[in-house]
1. Identify, from the list LEU49, LEU26, the residue that is of a type outside the set (S, T, N, Q), under 22 Å from ARG90 (Cβ atoms) and outside the structural domain of ARG90 (by TED's automatic domain parsing).
2. So which strands (runs of 3 or more DSSP E) stay within the chain end to end and still have 3 or more residues that are modelled with pLDDT of 80 or more?
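The values are calculated or read from the model by the stated rules, or taken from the named source; none is laboratory data. The structure presented is a predicted model; accordingly, all values stated were derived computationally and were not measured. Methodologically, a virtual Cβ is constructed for each residue, glycine included, from the backbone with ideal geometry; neighbour enumeration extends over all protein chains shown.
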Amino acid sequence: MVANFGLRSGNVHRANNALQFLESTLHHLGEIIVGFLRANCGFFDEDFLAALEYKRIAYIIAARLTQPVQRALYSAMGWWALVPGLELTRIFHQLLFSGRSNGAVGSTACD
């Protein structure tokens, strides 16, 4: 189910209004429980991640494929094939803005 979406022009900060977007969506859903959230790298923001963790909402959010993330993926162990050509692993990487480790599965690029 898609609960909400938004299109923004390309000249805004990626995390601009991400937390407000989340709060608005949850308000409109009312009593509906969000079991899982998927978002692109425009939502990869410390306050947004903290809100999801506080609200205990499971999530996958794309992150920029920076060199430190590439190194972590390169040295990761325990890869498994979901389907031919799609392999996954779990890594923990300390985010620059948070100082805490967040889990990540596999990798994705976002410009």
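1. LEU49
2. Qualifying strands (runs of 3 or more DSSP E): 37-39, 59-61, 80-83, 86-88.
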